[in-house]
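The values are calculated or read from the model by the stated rules, or taken from the named source; none is laboratory data. None of the values given here were measured: they were computed from a predicted structure. Cβ placement follows ideal geometry from the backbone for every residue including glycine, while neighbour counts extend to all protein chains displayed.
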Amino acid sequence: MTSLGDRGRVEHTDDGVPIADLGARPLRSLASTVYLPAAAYGIGQGAAAPVMVLTALDMGASGAVAGLTVAVVGLGQVLGDMGSGQIVARLGERRSIILASAVAVCGVLLCIVAQTIAMLCGGILAVGLANAVWGLARQNYLSLAVPFAWRARAMSLFGGSMRLGFFLGPVVGAGAIALGGVRGGFVVQLVAVVVAGLLMVRLPDPDGAQRSDSAVGLATTLSRHRRLLATLGMGSLLLGIARAARDSTLPLWTDHLGLSAATASLVFALGAGVDVLCAYPAGHLMDRFGRTFVAIPSILVLALAYLLVPFTGSLVTLAAVSVVLGIGSGFGNGVIMTVGADVAPANGRAEFLAVWRLSHDAGFLLGPLSIAGLAAIAPLAAAVFAAAGLSAAGAFLLARYVPKYTSATSFASR
């Protein structure tokens with residue numbers, strides 16, 4: 001791996017990011033061992049996403065209880081983030097991937113055979129825990145193995161591969177459901193997890209990775225980096241809320257307009273497709289012009305889109321806003337992973353990245369819950385406007401602290 005010190009004199013953007021050397025192509029070698037497995041894993045998540053609720057409904061759960069099954073995945077990821085740093089620090093990326101894949105397989109199998117809501121939620125929770133370890137191991141690997149000048153593209157392409165899989169997953173899952181019933185989506189997820197795990201375990205741990213038998217604890221990591229996490233980390237959380245609120249806002253507003261569930265799915269898919277298309281360009285822009293150049297516009301576009309949602313009154317206008325939401329979310333793709341890798345210390349890197357992921361994953365958990373909660377006690381438009389306000393607050397924090405913590409001076413002083 002090329003370190004900051006190895007590269008000699010390079011041009012930097014305003015927030016301290018070296019301008020990429022366009023002559024090298026370090027990402028091609030990762031296609032079969034990082035990006036293809038990420039797409040496969042995403043297909044599994046996408047195939048399972050709609051059937052979690054449907055399976056719970058088949059078991060006799062109420063609509064409210066069935067809806068909460070989706071939040072269990074986010075809960076699992078948040079809980080997993082609390083321990084994933086120590087797991088990766090002790091075991092390394094390759095063995096962590098093996099462990100996470102095994103846990104995910106067990107979780108999906110439990111979902112397939114579940115006879116009660118508790119069993120179903122237990123399986124979903126296990127998958128969420130595995131997602132946390134899986135994601136951290138890949139992020140830590142990319143932060144160590146990819147040259148700094150290509151880091152944003154590497155992270156954005158990784159996130160984009162996952163999203164591409166998530167976009168294609170429901171299509172593949174629909175075929176499995178037609179053949180084998182509603183739990184066919186879980187069968188697709190099972191196959192996808194096994195394929196992704198087998199592809200990734202071929203990759204050795206990166207040079208420069210530091211293993212420790214005494215990994216840094218969660219409390220110690222939080223204490224060491226409390227100032228960064230209270231400022232830049234809060235911006236990360238708000239960006240997570242801004243991106244995740246889309247998952248609740250679009251379906252709820254589609255229902256508010258009296259459109260069908262199938263139409264809601266198509267509206268969401270339209271935005272998701274745009275999201276995927278923006279992934280690699282976002283990384284290229286970050287490597288070329290800096291993290292701030294992408295982070296702030298992306299969350300401001302989300303804020304604008306949420307402001308527009310209550311003024312939509314037809315399928316056409318809502319679809320247009322869905323595209324805008326997709327652009328905002330897509331151009332923010334990889335920002336948080338990249339900034340986290342930028343500011344992570346050399347000592348305790350995996351533990352720090354786990355806490356950093358926790359800040360963003362907490363936003364993904366709180367986003368849908370906050371929209372649903374506000375919609376229950378206030379007009380839906382008020383909940384959507386609140387999402388716009390939180391997005392604007394996130395833009396303020398990111399604008400202030402991304403340049404501060406990702407500057408060349410900050411790197412030199414770490």
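Observations on the model:
- Residue check for residue 35: in a helix (DSSP H, G or I), more than 30 Å from residue 406 (Cα to Cα), of a type in the set (Ser, Thr, Tyr) and at pLDDT 80 or above: no
- Residue within segment 238-250 that is modelled with pLDDT of 85 or more, out of contact with any helix residue (DSSP H, G or I) (no Cβ under 6 Å at 6 or more places or on another chain) and outside the structural domain of residue 170 (by TED's automatic domain parsing) present: no
- The listed residues are 47, 56, and the only one of them that is in contact with a helix residue (DSSP H, G or I) (Cβ under 6 Å, 6 or more places away or on another chain) and over 17 Å from residue 193 (Cβ atoms) turns out to be 56.
- Residues of segment 80-104 that turn out to be touching a helix residue (DSSP H, G or I) at 6+ places or on another chain (Cβ under 6 Å) and either surrounded by fewer than 20 Cβ atoms within 10 Å (Cβ to Cβ) or not polar (S, T, N, Q) (or both), as a count: 12
A quick yes/no check of all residues on (1) under 27 Å from residue 157 (Cβ atoms); (2) without any contact (Cβ under 8 Å) to a residue 24 or more places away in the chain; (3) surrounded by fewer than 24 Cβ atoms within 10 Å (Cβ to Cβ); (4) among the charged types (D, E, K, R):
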position: 313; (1), (2), (3), (4): no, no, yes, no
position: 327; (1), (2), (3), (4): yes, no, yes, no
position: 345; (1), (2), (3), (4): yes, no, yes, no
position: 356; (1), (2), (3), (4): yes, no, no, no
position: 377; (1), (2), (3), (4): no, yes, yes, no
position: 397; (1), (2), (3), (4): yes, no, yes, no
position: 405; (1), (2), (3), (4): yes, no, yes, no
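- Test result for residue 75, at pLDDT below 90 and either among the charged types (D, E, K, R) or surrounded by fewer than 24 Cβ atoms within 10 Å (Cβ to Cβ) (or both): yes
- Complete set of residues in segment 242-262 that are farther than 14 Å from residue 321 by Cβ and of a type outside the set (Asp, Glu): 242, 243, 244, 248, 258, 260, 261, 262
- Residues in segment 153-177 that are farther than 13 Å from residue 337 by Cα and of a type outside the set (Ser, Thr, Tyr): 16 in all.
- Segment 58-99, subset within 29 Å of residue 371 (Cβ to Cβ) and either among the acidic types (Asp, Glu) or not assigned by TED's automatic domain parsing to the domain that holds residue 124 (or both), residue farthest from the chain's Cα centre (by Cα): 58
- Those residues of segment 169-184 which are under 21 Å from the mean Cα position of the chain (by Cα) and surrounded by fewer than 16 Cβ atoms within 10 Å (Cβ to Cβ), in sequence order: 171
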